[in-house]
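One structure below.
The values are calculated or read from the model by the stated rules, or taken from the named source; none is laboratory data. Keep in mind it's a predicted model, so treat the numbers as computed, not measured. Cβ placement follows ideal geometry from the backbone for every residue including glycine, while neighbour counts extend to all protein chains displayed.
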Amino acid sequence: MKISTVVRTLSPSQFAVVLLASAISVPVVAQQSADQSQSAPPAATQPSSPSSATNVDREGFWGRVNPFARKKWVKKRLDPINDRLTELDEVNAKNAQQIKDVDARAQAGIHQAQSAADAANQTATAAGQQAQNASNVAQGASSHVDQLNTTVSGLDQYHQVSDLDIPFHRGAMLSKDAKGQLDGMAANLAGHQGYILEIEARSPGAGSVGIQNSQRLAESVERYMVTEHQIPVYRMHFVALGNAPMEAQGGDDNGGKPARVRTSSVHVRLMENSLAAQDSTSPHGVASTTGAERP
């Protein structure tokens, strides 16, 4: 049947409906043909395959650009992206954990180093204190050594405190006046230390006679001091000079020349140790700090 015959048999209303359906179907067919031509390669380069039609059917009427694609199609496209994001999250979590571990180890190392530094500081402080104590001990020892040196150097340092001359007129017998002079000197020595008595005896006799006579005079003085006043013998030292001239005194008329011995006499000098003189508790000194008596 021809189209013209069909048209003449239709009523005007039926004809309008057919015309409207034709107008709608033509663009749809054209759009479908265009999509198929874009998705499928040319026949000369790539033959069509049944899988392409299947993919088009699965992806919907509109093909790859279908705005009303199904959830399954969307999930298929998003799953790789979600997997990649999950992998990235795992990598970030792993990196964060590693950073946390490194920070914890760094903090532990810093704490350990600080503890070691504090211990070293305490050790250095203790060493400094010990060094200061050692310095104080060394200074004390140095002061003690200086004191000992002063003591040693002053052991034989004596100076004259007083003296007296005892004349003898009748042999080696001490006169009353001579005993009185010796008593006065001995009274000042009671309880004192650090002194010695130098006794020089002279006699006008010549040669050995004068020496023997002067020795008897010195022994007489020494014996009196020991028996009457308990003066230790080691504190008295005498020498018998015989008729040796006496040293000239400043007021003598001999012009500074030694004086000749004309009478028998004993010259006694009280000598005090220099260390004893420095002691304020006694004009003649006291026992030394070591317990030994000073000379």
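Here are some residues: Q147, Q193, Q157, Q215. Which one is at negative phi and either aromatic (F, W, Y) or out of contact with any strand residue (DSSP E or B) (no Cβ under 9 Å at 6 or more places or on another chain) (or both)? It would help to see each step written out before you state the result.
On the way: Q193 fails: either aromatic (F, W, Y) or out of contact with any strand residue (DSSP E or B) (no Cβ under 9 Å at 6 or more places or on another chain) (or both); Q157 fails: either aromatic (F, W, Y) or out of contact with any strand residue (DSSP E or B) (no Cβ under 9 Å at 6 or more places or on another chain) (or both); Q215 fails: either aromatic (F, W, Y) or out of contact with any strand residue (DSSP E or B) (no Cβ under 9 Å at 6 or more places or on another chain) (or both).
Every option except Q147 fails the conditions.
Residues that are modelled with pLDDT under 80 and buried (at least 16 other Cβ atoms within 10 Å of the Cβ) do not occur anywhere in region 218-238. Considering every residue within region 44-63, establish whether at least one is modelled with pLDDT of 55 or more, in a helix (DSSP H, G or I) and of a type in the set (D, E, K, R). Within region 44-63, none of the residues are modelled with pLDDT of 55 or more, in a helix (DSSP H, G or I) and of a type in the set (D, E, K, R).
Within region 155-196, the set of residues being within 26 Å of N213 (Cβ to Cβ), surrounded by 13 or more Cβ atoms within 10 Å (Cβ to Cβ) and modelled with pLDDT under 85 comprises A172 only. Would you check if G207 is surrounded by fewer than 18 Cβ atoms within 10 Å (Cβ to Cβ) and within 24 Å of A259 (Cα to Cα)? For G207, the condition - surrounded by fewer than 18 Cβ atoms within 10 Å (Cβ to Cβ) and within 24 Å of A259 (Cα to Cα) - is met.
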